[in-house]
Amino acid sequence: MTPQSELLNRNKAFASSFDKADLPILPTLQTLIACLDARTDPAHLFGLELGDAVVIRNTGGRVTRAVIEEVATLAALVRAAINGQEPRFNVILMQHTQCGAQRLAQPEMQAMMKDKLGIDVSEYAIHDQRSDLMGDIDRLCAAVQVPGGISVSATLYDVATGLVEEIAPAKSLQDWRAERIPTAALTSASL
C-alpha cells in the first residue's frame, strides 16, 4: 500500500462518520496556529476538533512574509464576515524543540540552499527559539496590514515531554506594538 492510498483509506474511514457539514467558516476558537513539523500537529497537541482553529503549516513556524500575508488576508475575510467590524482572533506562534529549521541557521546550509535551490532560507532559520519567537512577534508588530485587535502569543512545544510552554502571553497586537516599537516608529508607520 502506498502512503497516498493509506491516506485515502483513512479519509474514507473519517468520512464514513462525518457529521460536520454545517461548520461555520470562522473557527469556533477564533484561533490561528503556525507550525510545520509532523511531530507537532496542533490538532493533537491542543485537542482541536474540526472547525476549532486555522492552522498554518510552515517551516520553523516562523513569521515570514507569506505568514504575514495569510494573517492579513484572514483578518480581511473575518472583517467581511462580521460586517466590517474589527477582527478579533488569536494568533498562536509555536515552535518546538529539536526543530529541523535550526539547521537553517548554519551559514553552509543557507549557502547550499541558495546555490542548489535558489532559495533564501534565512527567514526560516531558528537560532534561539525564545528570542526568535519574540522576533516573530516584532515582525507582526511591524506589519501595518495586520490589525491591532488581533491577539498574539508565543509558545514552545517540547517534543520529548509533550508540554507546551508559554513564551509570551496573549496580548493584542496593539499592546505588543506599544510595548515593543518605539513611539516615533509607531507614528511614522501610521499604525
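The loop-placed trypsin sites (Lys or Arg not before Pro) in the range 107-179, going by DSSP, include none that has at most 12 neighbouring Cβ atoms within 10 Å of its Cβ.
Kyte-Doolittle mean at least -1.0 and Cα extent at least 18 Å along the axis: which DSSP H helices of the chain qualify? Before the final figure, lay out the partial values.
On the way: long enough: 3-16 (20 Å, -0.83); 65-81 (24 Å, 1.11); 129-142 (19 Å, -0.42).
Answer set is 3-16, 65-81, 129-142.
Extension gain for Gln98 to Asp120 (0.36 nm times residue separation, less C-alpha to C-alpha distance): 5.8 nm.
Seen from Lys114, the other residues with C-beta closer than 13 Å to its C-beta sum to a net charge of -3, counting Lys and Arg as +1 and Asp and Glu as -1. Dipole magnitude for the chain: computed about the Cα centre from +1 point charges on Lys and Arg Cβ and -1 point charges on Asp and Glu Cβ, it is near 260 debye.
Secondary-structure-derived ellipticity at 222 nm for the chain, considering helices only, amounts to -12000 deg cm²/dmol, per-run term -39500 (n - 2.57) for DSSP H runs with n ≥ 4.
Name the trypsin sites (Lys or Arg not before Pro) in the range 1-44 that are in a loop by DSSP and that have at most 15 other C-beta atoms within 10 Å, would you?
Details: sites: Arg10, Lys12, Lys20, Arg39; in loops: Lys20.
In loop regions of the range 1-44 (DSSP not H, G, I, E or B), the sparsely surrounded trypsin sites (Lys or Arg not before Pro) are Lys20.
Does the range 35-94 come out rounded, prolate or oblate, given a ≥ b ≥ c as the square roots of the eigenvalues of its C-alpha gyration tensor, rounded meaning a/c under 1.5 and, failing that, prolate meaning a/b above b/c? It is oblate, given that a/c is not under 1.5 and a/b is not larger than b/c.
Quick note: the coordinates plus some simple rules give every number you see, no bench work behind them. Predicted, not measured: the structure shown is a model, and the values here were computed from it. Here Cβ is always computed from backbone atoms with ideal geometry, including for glycine, and neighbour counts include all displayed protein chains.
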